[in-house]
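As structure tokens, the structure follows; a few thoughts come after it.
Values in this text are rule-based calculations from the coordinates and carry no lab data. Remember, it's a predicted structure, so these values are computed and weren't measured experimentally. Reconstructed Cβ throughout: ideal geometry from the backbone, glycine too, with neighbour counts over all protein chains shown.
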Amino acid sequence: MNILLTGGTGLIGQRLCRHWQDQGHTLTVWSRRPDEVGKLCGAGVRGIGQLPDYGDGTLDAVVNLAGAPIADRPWTAARRAQLWGSRITLTEHLLTWLERRQQRPSVLLSGSAVGWYGDGGERELTEASRPVKEDFASQLCIAWEETALRAEALGIRVALLRTGLVLSAEGGFLSRLRLPFKLGLGGPIGDGRQWMPWIHMDDEIALIDFLLQHEDASGPYNACAPEPVRNREFARRLGRALHRPAFMPLPALVLKAGLGELSTLLLGGQRARPVRALAAGFTFRFNDVQSALDDLSARL
């Protein structure tokens, strides 16, 4: 299969490249740093700086995961514009290019996040749910999905991946928690009651591959394990996996003062369940958070 990735140099993208190279697929990554693609993604992965550089060769699938990290810094006006451009504007450029191609891929798998639902409180959220509370993150995901769905008018199957917190020993969410927890300074965020939808990196990669291969897979899929946990329970179990105490709370007022609206990502949550993935026959390797953290702890 000939696959084009955006966001291929990111945490998930690099793992996808290794996974698909092992399967014998031909991979191209659209990147701002095409010269670094081979080093980051594998020697056999081609990097292109502009979409026309792909050429007229066969294209079977597009995986669109590009997007500036949403939780790296406060959402100033400039940062909001950057987050919007790296997702919605980039996807619009991708669609314009696909429309001009004579041969189009059969499938577009486009990234999104469980933040699409906003802060869901205690509600159980499935792919049939509507947004509960729209904040900037929710509006960003809604617009991103709506843009990607325009590919259906081109005869392309579109699958939308609403990803939760990805647990990986190679970076991302856990890398930020590693130091404070190892120093015995870890603990719940705010009151710790907010739900955390999570997914082990291995299951994230497997689900993306599953949705790409299944020709009847379209629309939104919650990419999160069947058993979400509250933040307080997650902190306790991470402490157990690292053999450290986890009782130092991070007060909500401190987060709100330092991060502004960005603090809603940490103080809110989604009790999301992967109903459609399970119904399609996907099997999660890691269903409970303790087994996922235990698997990663040695590498953390």
Of Ala78, Ala61, Ala225, which is the most mobile in a GNM of the chain whose springs link Cα atoms less than 10 angstrom apart?
-> Ala78
Taking H placed 1.01 Å from N in the peptide plane, check which residues at least 5 places from His25 or on another chain put their amide H under 5 Å from its amide H.
-> none
If the label point is 7 Å along Cα→Cβ of Leu278, which residues in the stretch 126-145 have backbone nitrogen under 13 Å from it?
-> 126-127
In whole Å, how far is the Cα centre of the stretch 232-300 from that of the stretch 46-62?
-> 36
Taking amide H positions as placed in the peptide plane 1.01 Å from N, state which residues far from Gly187 in sequence (5 or more) or on other chains have amide H under 5 Å from it.
-> Met248
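Quick one: length gained pulling Asp56 to Glu99 fully straight, 0.36 nm per residue minus the C-alpha distance? List each step's numbers first, then the result.
Values: separation 43, 0.36 × 43 = 15.48 nm, distance 1.31 nm.
Length gained between Asp56 and Glu99: 14.2 nm.
How large is the dipole of the chain about the Cα centre if only Lys and Arg carry +1 and Asp and Glu carry -1, each at its Cβ, rounded to the nearest 20 debye?
Details: 35 positive and 32 negative charges, 191 e Å.
I would put it at about 920 debye.
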Rank these for me by crowding, Val229, Val114, going from fewest to most other beta carbons within 10 Å.
-> Val229, Val114
Cα lying deepest toward the dipole's positive end in the chain, options Cys17, Gly268, Ala128, charges on Cβ | Gly268
Between Gly269, Gly85, Gly115, find the one with the highest GNM mean-square fluctuation for the chain; connect C-alpha pairs within less than 10 Å.
-> Gly85
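Averaging sequence separations of C-alpha pairs under 8 Å and six or more residues apart, then dividing by the length of the stretch 2-297, give the relative contact order as a whole percent.
Details: 582 pairs, mean separation 54.8, N = 296.
Relative contact order, the stretch 2-297: 19 percent.
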Semi-axis lengths (Å, descending) of the ellipsoid that matches the C-alpha gyration tensor of the chain = 32, 21, 19
Expected 222 nm ellipticity per residue - DSSP helices of 4 or more, -39500 (n - 2.57), all of the chain, to 500 = -10500 deg cm²/dmol
Note down the Stokes-Einstein diffusion coefficient of the stretch 8-71 in µm²/s, whole number, using a Kirkwood radius over alpha carbon pairs, 4 °C, and 1.567 mPa s.
-> 107
Top mean-square fluctuation among Val254, Val158, Val289, Gaussian network model of the chain, C-alpha springs under 10 Å?
-> Val254
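With +1 on the Cβ of every Lys and Arg and -1 on the Cβ of every Asp and Glu, and nothing else charged, how large is the dipole of the stretch 1-132 about its Cα centre, in debye rounded to the nearest 20? Walk me through the numbers before you get to the answer.
Numbers: 15 positive and 13 negative charges, 61 e Å.
Here the size comes out at about 300 debye.
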Stretched fully, the stretch from Ala128 through Arg176 gains (0.36 nm per residue minus C-alpha distance, one decimal, in nm) 14.1 nm
Which order do Thr283, Thr28 fall in if you start with the one that has the fewest other Cβ atoms within 10 Å?
-> Thr283, Thr28
Say the dipole of the stretch 2-297 comes from +1 at the beta carbon of Lys and Arg and -1 at that of Asp and Glu; which of Ser112, Cys41, Pro251 then lies farthest toward its positive end?
-> Pro251
Can you pull out the cysteines in the chain that have no other Cys Cβ under 4.7 Å?
-> Cys141, Cys224
Förster radius 45 Å - calculated FRET efficiency between Ile48 and Ser297 (Cβ-Cβ, nearest 0.05) = 0.75
Could you put Thr91, Thr264, Thr126, Thr58 in order, starting from the residue whose Cβ has the fewest other Cβ atoms within 10 Å?
-> Thr58, Thr126, Thr264, Thr91
